[in-house]
Amino acid sequence: MTTITQTRPRAVSTRSVPSDPTWERVCRVDDLEPSWGEAVLIRMRQIALFLLSPREVYAVEHTDPAADGAPVMARGIVGSRGDRPTVASPLHKEVYDLGTGECLTDPALLLRTFRTRIVGGFIEIELSE
């Protein structure tokens, strides 16, 4: 006699598993002006780049968290608070730390940041899906 054992189907997770981060080449360092923002489009994502020195580049989400996602952060005013480089939104003047995305004028807001690196004179941004 053969016994048939039924097992319950396993639950399959529908959560997406983050893929490995990848580095995307966006432009030459020489393409950017110091202390001036430029917007780039990478994988359908708008990112604002800021060159503060030949070896210091920051990348943040181009959309303004305080202005219903208006794509304006590359037009922000670059400055600093102490030794922290900042960008002020051109619309409502909220000030964000370029390294952490922390809003220094409204703790409820956060600007997404991206890691950058310079390889062979080109700026690369780390993206993960």
For a footprinting-style exposure proxy, rank GLU24, GLU33 by other Cβ within 10 Å, fewest first.
GLU33, GLU24
Neighbour-count ranking [beta-carbon atoms within 10 angstrom, fewest first] of ILE123, ILE77, ILE47
ILE77, ILE123, ILE47
What FRET efficiency, computed as 1/(1 + (r/R0)^6) with R0 = 25 Å and r the Cβ-Cβ distance, is obtained for ARG115 and LEU91, rounded to the nearest 0.05?
0.45
Quick check: residue separation of LEU41 and VAL29 times 0.36 nm, minus the Cα distance between them. What number comes out in nm?
2.7 nm
Among ASP97, ASP106, ASP68, which comes first, second and so on when ranked by fewest other beta-carbon atoms within 10 Å?
ASP68, ASP106, ASP97
By how many nm would the segment from THR100 to GLU126 lengthen if fully extended, with 0.36 nm per residue of separation less the alpha-carbon distance?
7.9 nm
If you count the DSSP beta bridges with both ends in region 22-127, what percent of them are antiparallel, to the nearest 5?
95
Show me the trypsin sites (Lys or Arg not before Pro) within region 85-129 that DSSP assigns to loop and that have at most 11 other Cβ atoms within 10 Å of their Cβ.
LYS93
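Readers should treat all values here as calculations from the given coordinates under stated rules, not as data from a laboratory. Small disclaimer: the values here were computed from a predicted structure and weren't measured. Don't worry about glycine lacking a Cβ; one is built from the backbone with ideal geometry, like all the others, and counts go over all protein chains shown.
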